[in-house]
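Take a look at the structure set out below.
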Amino acid sequence: MSRIQANLLLLLAAAIWGGGFVAQSTAMKSIGPFWFIGLRFAVATLVVLPFVWMENRKAARPLTQRNWLSFVLIGIALFGGAATQQLGLLTTTVTNSSFITGLYVVFVPLIAVIFLRRSPHWVIWPAALMALCGIYLLSGGSFSHLTIGDFLTVICALFWAAQITLAGSAVNETGRPLGISATQFAVTAALALAVAVAIEPISLADISAALGEILYVGIFSSGLAFALQIIGQRYTTAPQAAIFLSSEALFGASLGALLLGETIGPLGYAGCALMFTAMLAVELVPELTRRRDATA
């Protein structure tokens, strides 16, 4: 596969994820947020299971109890991210959600600094400041204009960052990315359905009305896009992968405007641009620095 083909696969994955924000938003016209989360991740679990079976056949050693515990913790972090993102979409726009969620790129190295005591690359601090300024501009120049949904989405980005940090460690230890995916999907589905049964009404008519969104996010966002990411990243460079995958936020905002008629003011666009720049800086600058040092 050529690098151009690989980058196009990554761009397609980002477009699918961007469309997922629209599906998540429109689904809640018919179904409660926790029912949607539970059903979408139940579908995602079923989609990934055949690939897990193939992965297990090639595994060099069985998983330990400690490995399974780490997988469950990853699932809890994923549930926290999915729940706060879905609840946030009740009171924020797809545009805000897609860009604020993307800040997990900035939060991942910050978590490594705080909890893992890793020395950060210098770009982390200006990127974090840029991200904060971006949220300020997205609010129209006043944090008081941010909705509860915006704040929930910031928490969502923190959960995503924790999930990515835990998953990265688990993949390095076990070499089971698909097993981790299936387990975290199953844990998230179980937790969400438990909450849904307790607090949200449901009917077959509700599920039928939101079935298109459930299947789109469950099959394409969680199954197909994940596979495209894994394949594409094998045949391109890390900086290029970062650029194409970060375009998820741009696709989310564009599709929100096209399909839902969302609009934001000039300050909002400036905030989106600032946050997108922060995301790219965190991904690209350390990699480019390593490449420069390696060739020096």
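Values quoted throughout were computed directly from the atomic coordinates according to the rules given, and no laboratory measurement underlies them. Not measured: the values here are computed from a predicted model. Glycine gets a Cβ as well: all are built from the backbone with ideal geometry, and neighbour counts include every protein chain shown.
Key figures for this structure:
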quantity	calculated
Contact order normalised by residue count of the chain, Cα under 8 Å, 6+ apart, percent	44
Cα centroid separation - the range 94-124 against the range 1-63, whole Å	22
Which label in (1) 27, 27, 18; (2) 41, 21, 18; (3) 54, 20, 15 gives the computed semi-axes √(5λ) of the Cα gyration tensor in Å	(1)
Cα centre as origin, Lys/Arg/Asp/Glu Cβ charges: the range 56-196 dipole, Debye	640
Helix runs (DSSP H) in the chain reaching 24 Å along axis by Cα, Kyte-Doolittle at least 0.0	3-27, 33-58, 65-88, 148-174, 177-199, 266-295
Charged-residue dipole, Cβ positions (Lys, Arg, Asp, Glu), the chain about Cα centre, Debye nearest 20	920
Segments 77-84, 192-199 sorted - mean Cβ within 10 Å per residue, highest first	77-84, 192-199
For the chain, calculated [θ]222 nm from helices alone, where every DSSP H run of n ≥ 4 adds -39500 (n - 2.57)	-26000 deg cm²/dmol
